[in-house]
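One structure below.
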Amino acid sequence: MMNASGDSAGPARGALKAPLERVVIVHDEIDLPFGEVKVRLGGGLAGHNGLKSLKRGLGDAEFWRVRVGVGRPDSTDPEIVAAYVLSRFREPREQVAALIESAAAETERLVEKLDE
């Protein structure tokens, strides 16, 4: 679903008349180690098909991102990378839960900042 998220995010943004700088996307990021969470406005798409879809649907890539580090496989082969990001986490359940909590907390901080 992430790879087609722009198909619904774009029309939703239009219906809500939301400025692009108020759009927040939470997504997996293989270029961050597992457990790391970073926030940024805009930036490159790094081959992320979901971000490409969002750029098409929203009309630009200058939206807020909560990047959730899931780590990278030991290969750059696109099929191996795709299988990695679509598979279940290999880390223990407690670490996955902590990652989700951290991502949620960063998202809340960002939304509160945008509301100031």
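The values are calculated or read from the model by the stated rules, or taken from the named source; none is laboratory data. Treat the numbers as computed from the prediction; the structure is a model and nothing was measured. In this analysis, Cβ positions are derived from the backbone assuming ideal geometry, glycine residues included, and neighbour counts consider all displayed protein chains. Surface accessibility is based on the protein's heavy atoms, side chains included, excluding ligands, DNA and RNA. Shrake-Rupley method; radii C 1.70, N 1.55, O 1.52, S 1.80 Å.
Given 34, 63, which one is at pLDDT 95 or above and farther than 24 Å from residue 114 by Cα? Show your work before the answer.
On the way: 63 fails: farther than 24 Å from residue 114 by Cα.
So the residue among 34, 63 that is at pLDDT 95 or above and farther than 24 Å from residue 114 by Cα is 34.
Within segment 68-75, does at least one residue satisfy the condition of being without any contact (Cβ under 8 Å) to a residue 60 or more places away in the chain, within 18 Å of residue 3 (Cβ to Cβ) and under 12 Å from the mean Cα position of the chain (by Cα)?
Checked against the condition, which is being without any contact (Cβ under 8 Å) to a residue 60 or more places away in the chain, within 18 Å of residue 3 (Cβ to Cβ) and under 12 Å from the mean Cα position of the chain (by Cα), segment 68-75 yields at least one hit.
Show the residue pairs meeting these rules: Cβ distance below 9 Å; 6+ apart or different chains; first residue within segment 87-105 and under 16 Å from residue 39 (Cβ atoms); second residue open to solvent by 60 Å² or more (accessible area, probe 1.4 Å) and among the aromatic types (Phe, Trp, Tyr).
That search, which allows pairs on different chains as well, returns 99/89.
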